[in-house]
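Notes to accompany the following structure.
The values are calculated or read from the model by the stated rules, or taken from the named source; none is laboratory data. For clarity, every value in this text was computed on a predicted model and none was experimentally measured. Here the Cβ is made from the backbone with ideal geometry for all residues, glycine too, and neighbour counts use every protein chain on show.
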Amino acid sequence: MKVIILAAGYAVRLRPLTLTTPKPLLPIGGRKLIDRILERLAGTKEIDSIYVVSNHKFFKNFEEWAKSSPHSGKISLIDDGTLTNETRLGAIRDLELSIKTKHINDDLLVIAGDNLFHLDLKDFLKFAKKHGNGVSIALYDVGSLEAAKRFGVVGIDKDRRVVDFEEKPRAPRSALISTGIYYFPKDKVSGIIKYAEHEAANLDAPGYYIKWLSANDKVYGFSFSEKWYDIGDIESYKKADEEYAKKKESKRNGST
């Protein structure tokens, strides 16, 4: 199984923090956000390659990070060639580039590089393989309709199949949202390329593809209750950083 971590965004809402540092390399409680993602991947034996797609502006930052990563043997970096937020490829084009460049023809786990989560990925992958006739996405209840307005809101039926998907709706029907964790069985990976080649708009957020896919194929939703954080702006970043710092301090005090 291959993994693609989407890390080519410019995170304009986190400026000035992200003027010189990409969001996935920002520290959360003393550890880089992307390292916390890799920590969640560590127990998944099926993974043989991890691809991190970056923009050109921050590519050297990721090169420096990868050199010291304990996962460096599995990590390959991909430069999407862009230098500004205005010229960004968007998540779907970055996926297309990664799949083509690395000739990916395998089961594929895609994770947005600003995801901070406690989900046990083994549980998600077990669900995804059980529903191997379709794509699977990880879902989280953000607790309120107001909060859901900032995300892709999902509706599922009794069989966990996605029957409704709205990207950042003004009037959400529920608080169940897509978290930016996606599993594509091997035979569904080529569909990403076909969509990218034929769809001129809506290539920035993966949710637009999931919305289209759920209307044309099988997409299943796995709901989890473990903590998930949205690192979307400076306020949410500081909150997550403080919570992780407190956990770190609590562990230190508990061990002395």
Practice task
Kindly indicate the residue of region 41-94 that is in contact (Cβ under 8 Å) with a residue 12 or more places away in the chain and among the basic types (K, R) and also nearest to I181 (Cα to Cα) among those meeting that condition.
Solution key: R93
Exercise for the section: Those residues that are in contact with a Ser or Thr (Cβ under 6 Å, 6 or more places away or on another chain), assigned to a loop (DSSP other than H, G, I, E, B) and within 26 Å of V189 (Cα to Cα), I need them from region 1-34; list them, please. Expected result: A8
Exercise for the section: Mind telling me which of the residues L19, L97, L14 ends up being among the hydrophobic types (A, V, I, L, M, F, W, C) and either farther than 30 Å from K246 by Cβ or within 16 Å of the chain's Cα centre (by Cα) (or both)? Expected result: L97
Exercise for the section: Output the qualifying pairs, or none if there are none: Cβ atoms under 6 angstrom, residues six or more apart or on different chains, first residue in region 205-218 and among the polar types (S, T, N, Q), second residue crowded, with 21+ Cβ neighbours inside 10 Å and not in a loop (DSSP other than H, G, I, E, B). Expected result: S214/V162; S214/F165
Exercise for the section: For region 139-146, state whether one or more residues are surrounded by 19 or more Cβ atoms within 10 Å (Cβ to Cβ) and either modelled with pLDDT of 95 or more or under 17 Å from I210 (Cα atoms) (or both). Expected result: yes
Practice task
State yes or no: is I37 aliphatic (A, V, I, L, M), in contact (Cβ under 8 Å) with a residue 40 or more places away in the chain and assigned to a helix (DSSP H, G or I)?
Solution key: yes
Fill in the blank from the handout: The strands (runs of 3 or more DSSP E) lying entirely within region 158-227 that contain at least 1 residues which are among the small types (G, A, S) and surrounded by 16 or more Cβ atoms within 10 Å (Cβ to Cβ) are 176-184, 219-223
Completion exercise
Considering residues that are among the hydrophobic types (A, V, I, L, M, F, W, C) and touching a residue at least 60 places away in the same chain (Cβ under 8 Å), the number found within region 152-204 is 9
Handout entry: Check on I111, assigned to a helix (DSSP H, G or I) and touching a helix residue (DSSP H, G or I) at 6+ places or on another chain (Cβ under 7 Å)
Key = no
Problem - Within region 76-115, considering residues that are within 19 Å of T44 (Cβ to Cβ) and touching a Leu at 6+ places or on another chain (Cβ under 8 Å), the one surrounded by the fewest Cβ atoms within 10 Å (Cβ to Cβ) - result: A112
